[in-house]
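Below: one structure, written as structure tokens.
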Amino acid sequence: MTRPLGHVCELVRYPVKSMAGTVTESAFLGWHGLSGDRRFGFRCLGVEGGFPWLTASRVPELLLYHPVGLDESSGEPLPTHVRTPAGAHVDLRGAELQREVARRSGSAVELMHLRHGIFDDASVSVISLATIAGIGREA
């Protein structure tokens, strides 16, 4: 006999590291997390050693960028464009987005596409409503 521990309220994938997530109805879960999750990230150029990825802890405005569009030609659902905080739709792989992110970060950046994703700790995170409430109380 099985006993439920909870239920899934929402599945969110984050196709571009540190940018806003996209809600999905379903997702393939494999060795490298959710299909299409954190497959892109901006790398800070000129960083010697350490963690080269541009993150929202360094540039919080990244969270205001929303990956949009869908290209499944690689076998994964990947975004084609990004909606900027100003509302413009720019090509994910284009120079315009790269310049804007570089300006916000204060250093040159390069968009990287990694087949297995870019994860800080684990390829899947599960968070409960109780945890969210506890974080809210502490904040």
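The values are calculated or read from the model by the stated rules, or taken from the named source; none is laboratory data. No experiment lies behind these values; they were computed from the predicted model shown. Neighbour counts are summed over all protein chains in view; Cβ atoms, including those assigned to glycine, are modelled from backbone coordinates with ideal geometry. Areas reflect the complete protein model, heavy atoms only, side chains present, ligands, DNA and RNA absent. Shrake-Rupley method; radii C 1.70, N 1.55, O 1.52, S 1.80 Å.
Return the total of residues in the range 22-49 being open to solvent by 20 Å² or more (accessible area, probe 1.4 Å) and not acidic (Asp, Glu).
Residues that pass the stated criteria total 17.
If you take the residues in the range 99-115 that are of a type outside the set (A, V, I, L, M, F, W, C) and in contact with a Lys or Arg (Cβ under 8 Å, 6 or more places away or on another chain), which one is modelled with the highest pLDDT?
The residue in question is Glu110.
When only residues in the range 86-115 that are assigned to a loop (DSSP other than H, G, I, E, B) and open to solvent by 60 Å² or more (accessible area, probe 1.4 Å) count, which is nearest to Gly46 (Cα to Cα)?
Gly106
Can you pull out every residue in the range 20-66 that is more than 26 Å from Ala86 (Cβ to Cβ), small (Gly, Ala, Ser) and part of a strand (DSSP E or B)?
Residues satisfying the conditions are Gly30, Gly33.
Based on what the data block shows, is Glu76 out of contact with any Leu (no Cβ under 7 Å at 6 or more places or on another chain), under 28 Å from Gly6 (Cβ atoms) and modelled with pLDDT under 95?
When the stated conditions are applied, Glu76 passes them.
Any chance you could count how many residues in the range 55-85 are of a type in the set (A, V, I, L, M, F, W, C), open to solvent by less than 80 Å² (accessible area, probe 1.4 Å) and closer than 20 Å to Val12 by Cα?
The number of residues fulfilling the criteria is 5.
If you go through the range 50-85 one residue at a time, how many are under 14 Å from Phe40 (Cβ atoms) and of a type in the set (Lys, Arg)?
So the answer is 0.
Provide a single number: the residues in the range 4-19 that are crowded, with 21+ Cβ neighbours inside 10 Å and part of a loop (DSSP other than H, G, I, E, B).
So the count comes out to 5.
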